[in-house]
């Protein structure tokens with residue numbers, strides 16, 4: 001069957017297998033409803049990984065499908081944001097990656113529409129300042145600057 005991949009599944013339950021075979025789907029929807037009842041209205045769902053062979057059947061491979069499935073989710077969310085205006089994109093912690101954030105930054109610079117990410121991060125998550133401009137002494141210049149624990153920003157920069 002096309003697009004079936006070996007997927008890792010994290011579970012604290014020993015009775016579940018560590019790996020399963022299945023499809024990797026991506027979906028974008030709108031959260032809507034009333035204050036008493038909320039639901040997600042799916043806008044589109046597609047296979048995101050393992051489909052390169054299928055696209056080669058057509059001899060015209062879509063360039064956007066060459067990106068990782070995480071970057072595809074950012075592109076799909078941003079396409080929705082262009083239609084509905086400035087939006088929030090809710091993502092699982094799995095989707096928080098450097099390629100996804102770089103793609104979001106590229107889209108923000110090229111378009112008027114803004115899309116902000118809301119995701120969960122570990123308490124131990126860190127960000128890095130820019131490295132020092134000049135390297136003193138021998139050796140390779142630093143790629144990262146001083147580490148900042150993100151949890152401390154919530155208390156020190158709360159305002």
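The values are calculated or read from the model by the stated rules, or taken from the named source; none is laboratory data. What you are looking at is a predicted structure, and each value in this text was computed from that prediction instead of being measured. With ideal geometry, Cβ positions are generated from the backbone for all residues, glycine too; neighbour counts draw on all protein chains shown.
Checked against (1) at pLDDT below 85; (2) part of a loop (DSSP other than H, G, I, E, B), residue 131 passes all but condition (1).
Quick one: in segment 31-56, of everything that is in a strand (DSSP E or B) and modelled with pLDDT under 80, which residue is surrounded by the fewest Cβ atoms within 10 Å (Cβ to Cβ)? Before the answer, list the steps.
Filtering segment 31-56 for residues in a strand (DSSP E or B) gives 31-33, 38-47.
Subsequent filtering for residues that are modelled with pLDDT under 80 retains 44, 46-47.
Details: 44: 11, 46: 13, 47: 17.
Result: 44.
A single member of 123, 60 is at pLDDT below 80, loosely packed, with under 13 Cβ neighbours inside 10 Å and in a loop (DSSP other than H, G, I, E, B), and it is 60.
Of the residues making up segment 107-120, at least one is assigned to a loop (DSSP other than H, G, I, E, B), exposed (fewer than 12 other Cβ atoms within 10 Å of the Cβ) and in contact with a helix residue (DSSP H, G or I) (Cβ under 7 Å, 6 or more places away or on another chain).
Rundown of residues vs (1) within 22 Å of residue 31 (Cβ to Cβ); (2) assigned to a helix (DSSP H, G or I); (3) assigned by TED's automatic domain parsing to the domain that holds residue 26, yes/no style:
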| site | (1), (2), (3) |
| --- | --- |
| 83 | yes, yes, yes |
| 88 | yes, no, yes |
| 103 | no, yes, yes |
| 127 | no, no, no |
| 138 | no, no, no |
| 142 | no, no, no |
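Among the conditions (1) within 27 Å of residue 126 (Cβ to Cβ); (2) surrounded by 15 or more Cβ atoms within 10 Å (Cβ to Cβ); (3) at pLDDT below 85, residue 104 misses just one, which is (3).
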